[in-house]
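Structure first, then comments.
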Amino acid sequence: MQINRVRFWRRVYLLFSMSLGVISPLICWYMIPDFNPIEKPLSYFGVAEITAWYWNLSLIIISFAIYLNAKKSLPIYFNRLKTLRILRVLLTVSFISLFLTAVVPMNRVLLHRISASGFFLTYNFFVFLFGISRSLKYLRKGLFSIFIGSLMLLSSLLLIPFPSYGVFEIVYVLLIIFWNASLFYKRVIKEDSPVN
């Protein structure tokens with residue numbers, strides 16, 4: 001009974017956090033109507049006085065959700081200790097990086113850029129490696145994560161035609177939400193199966 005209650009609230013938190021990934025930029029955009037993602041990055045919301053507290057709090061909530069969602073899924077998909085260790089390290093580094101991106105103000109330019117870049121690189125690699133490791137046993141099932149990981153990497157090409165990180169960040173965030181929603185859905189089905 002206690003396990004079911006914890007599982008229920010964890011699912012509520014994860015669903016809320018995933019929806020927050022879509023809703024937060026829209027709310028911030030509503031609060032700053034002249035914002036243009038072609039000219040400014042989404043991180044502008046983290047420094048604008050009217051949206052800073054909300055944006056950074058949202059990032060902290062989302063960083064914990066991304067970590068929790070994947071952490072709970074890893075043992076379901078992988079039983080090799082070496083694979084689990086590598087994926088957990090990448091997940092932890094990406095979580096810390098996103099958390100620091102929310103906490104470190106943008107006026108500390110170097111530290112903020114290192115943490116943001118650290119998240120983009122390690123989380124991208126985590127998703128891609130998740131797919132590679134999964135495809136060693138189930139090729140078709142692993143291809144989904146490989147495809148999403150490749151799209152996450154290719155989305156960086158959007159930095160070429162656009163003067164700001166904004167469009168790239170929007171595409172990258174949508175890919176993260178899509179991958180996490182899929183991971184969440186599959187895990188819920190496995191957890192609720194009669195075998196478990």
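Assorted remarks:
- Set Lys40, Lys82: member being farther than 20 Å from Ser115 by Cα and either among the basic types (Lys, Arg) or assigned to a helix (DSSP H, G or I) (or both): Lys82
- In region 162-186, the residues that are modelled with pLDDT of 85 or more and over 15 Å from the mean Cα position of the chain (by Cα): Val167, Tyr185, Lys186
- All conditions but one from (1) assigned to a loop (DSSP other than H, G, I, E, B); (2) in contact with a Ser or Thr (Cβ under 9 Å, 6 or more places away or on another chain); (3) of a type outside the set (Val, Ile, Thr) apply to Leu175; the one that does not is (1).
- A single member of Arg140, Arg134 is part of a helix (DSSP H, G or I) and either touching a Phe, Trp or Tyr at 6+ places or on another chain (Cβ under 9 Å) or surrounded by 15 or more Cβ atoms within 10 Å (Cβ to Cβ) (or both), and it is Arg134.
- Top-ranked residue of region 144-160 - restricted to ones that are modelled with pLDDT of 85 or more and loosely packed, with under 14 Cβ neighbours inside 10 Å, ranked as nearest to Leu74 (Cα to Cα): Leu154
- Of the residues making up region 129-173, those that are closer than 27 Å to Ser58 by Cβ and without any contact (Cβ under 8 Å) to a residue 12 or more places away in the chain are Leu154, Leu157, Leu159.
- Checking the stated criteria, Glu191 turns out not to satisfy the condition of being in contact with a helix residue (DSSP H, G or I) (Cβ under 8 Å, 6 or more places away or on another chain), assigned to a helix (DSSP H, G or I), at pLDDT below 90 and within 17 Å of Val22 (Cα to Cα).
- Some residue of region 38-58 being surrounded by 13 or more Cβ atoms within 10 Å (Cβ to Cβ), within 14 Å of the chain's Cα centre (by Cα) and not basic (Lys, Arg): yes
- Residues of region 100-120 that turn out to be among the hydrophobic types (A, V, I, L, M, F, W, C), buried (at least 16 other Cβ atoms within 10 Å of the Cβ) and closer than 13 Å to Gly46 by Cα, as a count: 5
- Count of region 59-89 residues which are free of Cβ contacts under 8 Å to residues at least 40 places away in the same chain, of a type outside the set (Lys, Arg) and exposed (fewer than 15 other Cβ atoms within 10 Å of the Cβ): 4
- Enumeration of residues in region 43-65 that are closer than 19 Å to Val104 by Cβ, in a helix (DSSP H, G or I) and either in contact with a Pro (Cβ under 8 Å, 6 or more places away or on another chain) or among the small types (Gly, Ala, Ser) (or both): Ser43, Phe45, Gly46, Ala52, Ser58, Ser63
The values are calculated or read from the model by the stated rules, or taken from the named source; none is laboratory data. Worth saying up front: this structure is predicted, and the values here are computed from it rather than measured. Cβ atoms come from the backbone with ideal geometry, glycine included; neighbour counts cover every protein chain shown.
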